[in-house]
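Scroll down for the structure; my scribbles are underneath it.
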Amino acid sequence: MLSLLKKLTNASPAQPVAAVAEKTDPYMLGLHDAMLSGWFNQQTGELFTGFPVSPDDTLLDVGCGDGGNVHFCGTRGAKIIIADIDAAKVEATRQRLSDTPARDVECHVTDCNPLPIADATATRVVSTEVIEHVNDPAQFLAELVRVGKPGALYLLSVPHPSSEDLQKDIAAPEYFQKPNHIRIISEEQFKAMVSDAGLEIISHSQYGFYWSMWMMLFWEAKVEFSNPDHPLLNHWADTWQAVLDSPRGAQIKQALDAVVAKSQVIIARKPAASV
């Protein structure tokens, strides 16, 4: 079982999602919702708000999963380095990047302990929904810091505890077992992890009420990720689409994301003086 947010929203559309089709597709709706939260901004070239990517960047994605993040970054023309423990996903992501103008693609199958990458290599470092899986978050983050150039930007995300706590008594047992989520990370713990690693936090935000509720219903529906066709999930997608389409939809989304969020995101910088 892959990290939910990475699997379901890591799609990196080539064009902005302007509207959802007549029959609401829960995954496309989730992607649209993520874009409203600041992901995949084609106009500004930001993977996430505050994290611009340009052709001059060397971007490393550790735990690349299905490759949606790096596909967006590849369309920006950056050099891409991908690393994941799953060889099949590394290969699938490599192939996915072949249709982008990425100036180079480098691939590593690794458990990231250590990363097979030289010191001070990347100007952009991405690792989304990974830290909750690893045995030693401090060691993992130390590796991410080591391979970043002085001044490099970091985009890091983990599940938000508000959503994880909701899943505790409803999710399948393996959701909170190795190799899946082995820890729930509070906001303060997440900030402390990043700061203790030597990074300067620029922003800390959260989003994903839609996915939090979708997951609650997913466990009850007992369907597969590959075909989540069930009245509970279909009705929820239709309801959330109606919310977003309402006159104050953006305001309602913002209020609910602040209460129950699927994910928390930190943008940070490695100090100009080497850590």
Restricting attention to the stretch 198-229, the residues that are over 14 Å from Gln167 (Cβ atoms), in contact (Cβ under 8 Å) with a residue 60 or more places away in the chain and hydrophobic (A, V, I, L, M, F, W, C) number exactly 4
Which of the residues that make up the stretch 120-153 are closer than 18 Å to Gln206 by Cα and in contact with a helix residue (DSSP H, G or I) (Cβ under 7 Å, 6 or more places away or on another chain)? Val126, Ser127, Thr128, Glu129, Ile131
Only helices (runs of 4 or more DSSP H) wholly contained in the stretch 1-96 count here; list those with 2 or more residues that are modelled with pLDDT of 95 or more and farther than 24 Å from Val223 by Cα. 26-36, 68-75
Just to check your reading of the model, which residue among Thr128, Thr93 is within 30 Å of Trp214 (Cα to Cα), touching a Cys at 6+ places or on another chain (Cβ under 8 Å) and not hydrophobic (A, V, I, L, M, F, W, C)? Thr93
Selection within the stretch 81-121 - among the polar types (S, T, N, Q) and free of Cβ contacts under 8 Å to residues at least 60 places away in the same chain: Thr93, Gln95, Ser98, Thr100, Thr110, Asn113
Is at least one residue of the stretch 83-101 over 21 Å from Ser54 (Cβ atoms), touching a helix residue (DSSP H, G or I) at 6+ places or on another chain (Cβ under 7 Å) and of a type in the set (A, V, I, L, M)? no
Condition first: in contact with a Lys or Arg (Cβ under 8 Å, 6 or more places away or on another chain), assigned to a helix (DSSP H, G or I) and among the basic types (Lys, Arg). Now tell me which residues in the stretch 217-275 satisfy that. none
Residue under question is Pro137, and the condition is that it be surrounded by 15 or more Cβ atoms within 10 Å (Cβ to Cβ), more than 14 Å from Gly63 (Cα to Cα), out of contact with any Gly (no Cβ under 6 Å at 6 or more places or on another chain) and of a type outside the set (Val, Ile, Thr); does it hold? no
Evaluate the following for Asp165: is it of a type in the set (Asp, Glu), farther than 15 Å from Leu199 by Cα and not in a helix (DSSP H, G or I)? no
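The values are calculated or read from the model by the stated rules, or taken from the named source; none is laboratory data. Here the structure is a predicted model, which is why all the values come from computation and not from measurement. Glycine also receives a Cβ, built like all others from the backbone with ideal geometry; neighbour counts cover every protein chain displayed.
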